[in-house]
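Taking it in order: structure first as structure tokens, then the write-up.
The values are calculated or read from the model by the stated rules, or taken from the named source; none is laboratory data. Here the structure is a predicted model, which means the values were calculated and not measured. Backbone-built Cβ (ideal geometry, glycine too); neighbour counts: all protein chains shown. The area values use the complete protein model at the heavy-atom level, side chains included, leaving out ligands, DNA and RNA. Shrake-Rupley method; radii C 1.70, N 1.55, O 1.52, S 1.80 Å.
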Amino acid sequence: MKILVIGGGGREHAICRALKSSPRVKKLYCAPGNGGIAQIAECPPVMATDIEGVTRFALGNNIDYVVVAPDDPLALGMVDALESAGIRAFGPRQNAAIIESSKVFSKNLMEKYGIPTARWASFTDAGDAIRYIREHGAPIVVKADGLALGKGVVVAEDVSAAEDAVRSMMLDKKFGASGARVVIEEFMTGPEVTVLAFTDGKTLMPMLSSQDHKRAYDGDRGPNTGGMGAFAPSPLYTPEIAATCMETIFMPTADALRAEGRPFKGVLYFGLMLTPSGPRVVEYNARFGDPEAQAVLPLLDTELLDIMEAVTDGRLSEIDIRWKPGAACCVVMASGGYPGEYEKGKIITGLDSLPPDITVYHAGTRCSDGAFYTNGGRVLGVTASGAALGDAVDRAYSGVRRITWDGAHYRTDIGRA
Ligand code: AMP
Ligand code: GLY
């Protein structure tokens, strides 16, 4: 088969590696890919959001199957467009991907079907939103309705910070149209766990649980990022909690989407908070998490391609998904300054002297004359497995310490916090 993966980050590198292990994959492409992905896949210069360009490329190159990994092409309807052109594709259609691209949609869905989540209200008028905040007090959470690169959520410790968030989203249009509506939520407490699940719309199979670390600095301090590292499985996610989630959150979500005429085929991402009153949904995504995928996929012991095709064909119930024992840890190495402003083009050293039990997923790199240069905020995801989480963590950091570039920074407590 000829396969095309859409996207160009660490998650896509992990997906490409997992697909490449299938003997059925004869040729792998990744658009636009990155320097690391280019070592295992051909990377045509087509943007991940360029629906026409991707469709044209897939038709012109006789692609058998397209895997759409990032949120924005899913929200824009890339899977629908590919299917209309007669090309099979992995990922939800636009009418199901809305579970990520509109928080108002997902909150309404949870309310209608009794899925546990934070109490909420939505607003299209900044004055109304501010009155609501004053009435309810802080801490309180303000969220832009639409996609905002993972940065559209403000957990406000006091009323004035919440009001500022409303003003910057609704009046200053910090996230453009994504902030024209806001959701204001009750502040919940408890540890957070991610569960990714394959679903074909009817059958749903959770993957191993994972945890990511969203804050930039050790001890969960500093600004939010796209994710500074992840590990799997989460020791907090007990079999009892898993059973509760399956019964009260996962199946009800898949069933609700089907009942609404929006069957979800692909990977559903459940961002969960384990609150004192039980697990509740913090957010849904319509895709693999990044960097959760880099920690979960190395533990998958069934061909990813077989699972994906079963999802697309609606026969997931026939598949047995196996996991390797042990744990995996992915430490993200970022450019100096990230998540604020950073420079690109720094030469990366140490990549060629790593032991074989360390896998480096490239997130923002460029390859030129055999050397790798930084080309994004999150640059690498250094990943290792081990019999226990501690072994995976130690091994991943032994890799991190060998790699460097001017300004490189990383958290030293991934898997330990
Ligand atoms: P989200 O992008 O919706 O996952 O939100 C980003 C982060 O904000 C989450 O991972 C939580 O740490 C935090 N957060 C979001 N909603 C709430 C809430 N209702 N209560 C407490 N923290 C929240
Ligand atoms: N790691 C969070 C996300 O992928 O949205």
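Per-structure values
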read-out: Qualifying residues in segment 80-114 (those that are free of Cβ contacts under 8 Å to residues at least 24 places away in the same chain and closer than 19 Å to Tyr269 by Cβ) - the one nearest to the chain's Cα centre (by Cα); value: Gln94
read-out: So Ala256, is it touching a residue at least 40 places away in the same chain (Cβ under 8 Å), touching a Lys or Arg at 6+ places or on another chain (Cβ under 9 Å) and either open to solvent by 10 Å² or more (accessible area, probe 1.4 Å) or more than 30 Å from Asp391 (Cβ to Cβ) (or both); value: yes
read-out: One residue from Asp301, Asp352 being exposed (fewer than 15 other Cβ atoms within 10 Å of the Cβ) and more than 24 Å from the chain's Cα centre (by Cα); value: Asp352
read-out: Qualifying residue in segment 154-174 (condition: open to solvent by 10 Å² or more (accessible area, probe 1.4 Å), touching an Asp or Glu at 6+ places or on another chain (Cβ under 9 Å) and closer than 28 Å to Pro235 by Cα); value: yes
read-out: Segment 186-203, subset of a type outside the set (Val, Ile, Thr) and open to solvent by less than 10 Å² (accessible area, probe 1.4 Å), residue farthest from Val296 (Cα to Cα); value: Gly201
read-out: Matching residues, segment 31-75, being closer than 18 Å to Ala286 by Cα, open to solvent by less than 20 Å² (accessible area, probe 1.4 Å) and not in a loop (DSSP other than H, G, I, E, B); value: Val66, Val67, Val68, Pro73, Leu74
read-out: Residue in segment 239-258 that is away from ligand 2 (no atom under 15 Å from the Cβ) and not in a helix (DSSP H, G or I) present; value: no
read-out: Segments classed as strands (runs of 3 or more DSSP E), wholly inside segment 114-226, with at least 3 members that are within 30 Å of Leu304 (Cβ to Cβ) and within 11 Å of ligand 1 (Cβ to nearest atom); value: 192-199
read-out: Positions within segment 289-314 being more than 16 Å from ligand 2 (Cβ to nearest atom) and among the small types (Gly, Ala, Ser), in sequence order; value: Ala310, Gly314
